[in-house]
1. Explain nothing, just compute: Karplus ³J(HN,Hα) = 6.51 cos²θ - 1.76 cosθ + 1.60, θ = phi - 60°, for every residue of the range 77-91 in order, whole Hz, x for Gly and Pro.
2. Which value in nm describes the separation of the simple spin-label points at Gln99 and Arg36, placed 7 Å from the Cα toward the beta carbon?
3. Quick query: amide H of Glu87 versus all other amide H atoms, modeled in the peptide plane; which residues come in under 5 Å with a sequence gap of 5 or more or a different chain?
4. With θ set to phi - 60°, apply the Karplus curve 6.51 cos²θ - 1.76 cosθ + 1.60 along the range 36-51 and write out the HN-Hα couplings as whole Hz, x wherever there is a Gly or Pro.
5. Distance between the C-alpha centers of the range 57-102 and the range 20-48? Whole Å please.
6. Helix 59-71 sits at what angle to the longest principal axis of the chain, using alpha carbons and giving 0 to 90 degrees rounded to 10?
7. Let me know the charge dipole size of the chain about its Cα centre in debye, to the nearest 20, where only the beta-carbon of Lys, Arg (+1) and Asp, Glu (-1) is charged.
8. Counting helices only, and only those DSSP H runs with n ≥ 4, report the 222 nm mean residue ellipticity of the chain as the sum of -39,500 (n - 2.57) divided by its residues, in deg cm²/dmol to the nearest 500.
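What follows is calculated from the coordinates using simple rules that are stated; it is not laboratory data. Keep in mind it's a predicted model, so treat the numbers as computed, not measured. Here Cβ is always computed from backbone atoms with ideal geometry, including for glycine, and neighbour counts include all displayed protein chains.
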Amino acid sequence: GAAMAEAEGLVSVDYEVFGKVQGVFFRKYTQGEAKRLGLVGWVQNTSHGTVQGQIQGPAARVQELQEWLRKIGSPQSRISRAEFSNEKKITALEHKDFQILK
């Protein structure tokens with residue numbers, strides 16, 4: 001039905017993760033998890049000690065990665081919080097894959 005089609009729509013969301021998230025392979029694990037979920041986007045370290053990026057893909061999968069960014073992260077990371085912004089519906093993916101940006 002219509003609800004299912006809605007649930008499978010594509011979304012884009014920006015994220016920033018706070019805590020001990022640099023120097024703990026956080027970007028590599030985020031990329032791996034995103035690829036496992038079939039999502040595209042990017043991840044990078046910021047100059048103020050956080051990790052930020054963008055996720056795009058089916059809404060349900062994006063939500064899975066949001067939960068992962070909020071609670072799990074890489075094995076040695078200590079996430080204090082994750083913030084999400086600019087969530088919007090998109091008609092097509094704007095990235096080819098999920099990249100680690102320097």
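1. 6, 10, 7, 8, 6, 10, 10, 10, 8, 6, 6, 8, 7, 10, 8
2. If labels sit at Gln99 and Arg36, their model points lie 2.4 nm apart.
3. Hits under the 5 Å cutoff: Asp14.
4. 4, 8, x, 9, 10, x, 7, 8, 8, 7, 9, 6, 10, x, 10, 10
5. So the separation of the two Cα centres works out to 8 Å.
6. Its long axis makes an angle of about 20 degrees.
7. On the way: 14 positive and 11 negative charges, 94 e Å.
I would put it at about 460 debye.
8. Numbers: 3 runs with 31 residues, N = 102.
Computed mean residue ellipticity for the chain: -9000 deg cm²/dmol.
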